[in-house]
1. Short version: ³J(HN,Hα) in whole Hz for each residue of region 33-40, in order, from phi by Karplus 6.51 cos²θ - 1.76 cosθ + 1.60 (θ = phi - 60°), x for Gly and Pro, what are they?
2. Can you tell me the length gained on complete extension of the stretch Asp6 to Ile34, counting 0.36 nm per residue apart and subtracting the Cα distance?
3. How large is the Rg to Rh ratio of the chain when both quantities use alpha carbon positions and Rh follows Kirkwood?
4. Within the chain, which chymotrypsin sites (Phe, Trp or Tyr not before Pro) sit in a loop by DSSP and count at most 13 neighbouring Cβ atoms inside 10 Å?
5. Dipole magnitude of region 3-43 about its Cα centre, charges +1 at Lys/Arg Cβ and -1 at Asp/Glu Cβ only, in debye to the nearest 20?
6. So, counting K/R as plus one and D/E as minus one, what does the shell of residues with Cβ under 10 Å around Thr23 add up to?
7. Could you work out the relative contact order of the chain, using alpha carbon pairs under 8 angstrom and six or more residues apart, expressed as a whole percent?
Amino acid sequence: MFNITDSRIYMNDDAGKMIAEVTFPSIDDNTIIIDHTFVDDSLR
């Protein structure tokens, strides 16, 4: 299951290891920047 915060969506595996992540800080009310993505090798 994905975990969602104001500027981050991520997923941990059953052991608690992060296996996927995207971060997106807000620039203003209408704009975000996707500044980081990560996918664990096990999902590629």
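Each value in this text was obtained by applying a stated rule to the coordinates, not by laboratory testing. Treat the numbers as computed from the prediction; the structure is a model and nothing was measured. Cβ placement follows ideal geometry from the backbone for every residue including glycine, while neighbour counts extend to all protein chains displayed.
1. Whole-Hz 3J(HN,Hα) from phi for region 33-40: 10, 7, 10, 7, 10, 8, 9, 4.
2. Values: separation 28, 0.36 × 28 = 10.08 nm, distance 1.25 nm.
Using 0.36 nm per residue and subtracting the Cα-Cα distance, I get 8.8 nm.
3. Details: Rg = 11.9 Å, Rh = 11.3 Å.
The Rg/Rh ratio comes out at 1.06.
4. Values: sites: Phe2, Tyr10, Phe38; in loops: Phe2.
In loop regions of the chain (DSSP not H, G, I, E or B), the sparsely surrounded chymotrypsin sites (Phe, Trp or Tyr not before Pro) are Phe2.
5. Computed charge dipole of region 3-43: roughly 40 debye.
6. Within the 10 Å Cβ shell, the charges total -1.
7. 28 percent
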